[in-house]
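The values are calculated or read from the model by the stated rules, or taken from the named source; none is laboratory data. Small disclaimer: the values here were computed from a predicted structure and weren't measured. Positions of Cβ are generated from backbone atoms using ideal geometry, with glycine treated the same way; all protein chains shown enter the neighbour counts.
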């Protein structure tokens with residue numbers, strides 16, 4: 001088994017390139033790899049296309065830092081606060097740079113990643129009929145339903161991201177990983193992407209992953225790099241490991257309302273801490289208070305062959 005372990009700065013430097021299309025977490029509100037978000041900002045990646053199934057503030061931060069040129073998605077913002085202030089400034093006023101948007105619903109975005117994952121030319125859906133989303137995204141085409149004369153569907157073309165960055169509870173050195181909780185679009189994103197970076201809360205022996213294959217969302221050979229990143233999702237939650245830091249999100253939303261407030265937040269929490277270890281050290285006891293200590297264990301599963 002190939003050893004795919006590396007450190008976070010190296011993974012971002014080598015695998016996230018200017019102009020790439022990037023999925024940054026795909027589980028809606030949970031398991032968002034904020035440690036990778038902050039490292040992308042530190043490395044000043046530019047002209048990224050963010051494929052955004054929620055990402056709870058991460059895409060808004062990247063937009064404010066000038067990393068993003070285009071958004072393909074349904075929404076950019078802070079789940080507990082509302083529409084992202086950096087997103088709005090960029091779209092309406094070109095601050096810090098102009099931003100283009102390809103609108104989707106959450107469902108059509110999922111279908112686009114599904115098409116990319118399985119090599120489909122498009123996926124037909126009905127849910128966008130009657131909405132104005134196709135008018136704002138010409139890639140979504142209204143076509144005749146070949147099986148139901150006189151009816152129409154929307155053809156959703158595939159999305160094939162250059163990079164998917166996903167957070168998991170544990171992984172082995174070869175990129176096989178266990179994930180539990182709401183997986184959202186993680187499977188589709190991993191299968192559709194050209195490169196996959198895993199941020200693992202814990203690196204474990206291969207035998208641990210092999211003991212429960214049902215928790216493996218996708219095969220390890222789809223993983224390009226594995227990074228040990230304890231609490232790499234903070235301030236987002238990670239099922240069974242970390243609670244959501246709602247106060248942190250609230251502070252970010254308030255400070256980012258004005259451009260200078262966001263810049264001050266960015267210096268304090270991203271640029272001045274240097275790396276993920278520095279970020280964890282700055283959080284200090286606050287981070288430890290978010291650690292999940294209780295247990296609600298699943299029932300054992302028997303994989304015996306005889």
Can you confirm whether residue 289 is over 23 Å from the mean Cα position of the chain (by Cα) and surrounded by fewer than 10 Cβ atoms within 10 Å (Cβ to Cβ)? no
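Specify which of the listed residues (52, 69, 74, 102) is under 20 Å from residue 160 (Cα atoms), surrounded by fewer than 19 Cβ atoms within 10 Å (Cβ to Cβ) and either touching a residue at least 40 places away in the same chain (Cβ under 8 Å) or touching a strand residue (DSSP E or B) at 6+ places or on another chain (Cβ under 7 Å) (or both).
69
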Could you count how many residues in the range 99-122 are outside any helix (DSSP H, G or I) and under 22 Å from the mean Cα position of the chain (by Cα)? 8
For residue 288, all conditions in the list (1) farther than 28 Å from residue 87 by Cα; (2) touching a helix residue (DSSP H, G or I) at 6+ places or on another chain (Cβ under 7 Å) hold save one; what is the number of the exception? (2)
Take the residues of the range 130-140 that are loosely packed, with under 13 Cβ neighbours inside 10 Å and in a loop (DSSP other than H, G, I, E, B): which is farthest from the chain's Cα centre (by Cα)? 130
Taking the range 79-98 and the residues there that are under 17 Å from the mean Cα position of the chain (by Cα) and surrounded by 21 or more Cβ atoms within 10 Å (Cβ to Cβ), the one that is farthest from residue 29 (Cα to Cα) would be 87
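Condition check ((1) more than 23 Å from the chain's Cα centre (by Cα); (2) in the same structural domain as residue 187 (by TED's automatic domain parsing); (3) over 23 Å from residue 182 (Cα atoms)) across all residues:
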{"position": "227", "(1), (2), (3)": "no, yes, no"}
{"position": "252", "(1), (2), (3)": "no, yes, yes"}
{"position": "262", "(1), (2), (3)": "no, yes, yes"}
{"position": "265", "(1), (2), (3)": "no, yes, yes"}
{"position": "304", "(1), (2), (3)": "yes, no, yes"}
Neighbours by Cβ (under 8 Å, 6+ apart or cross-chain): first from the range 79-92, free of Cβ contacts under 8 Å to residues at least 24 places away in the same chain; second assigned to a strand (DSSP E or B) and surrounded by fewer than 18 Cβ atoms within 10 Å (Cβ to Cβ): 91/101
Among the residues of the range 228-253 satisfying the criterion of being more than 26 Å from residue 294 (Cα to Cα) and in contact (Cβ under 8 Å) with a residue 24 or more places away in the chain, which is surrounded by the most Cβ atoms within 10 Å (Cβ to Cβ)? 252
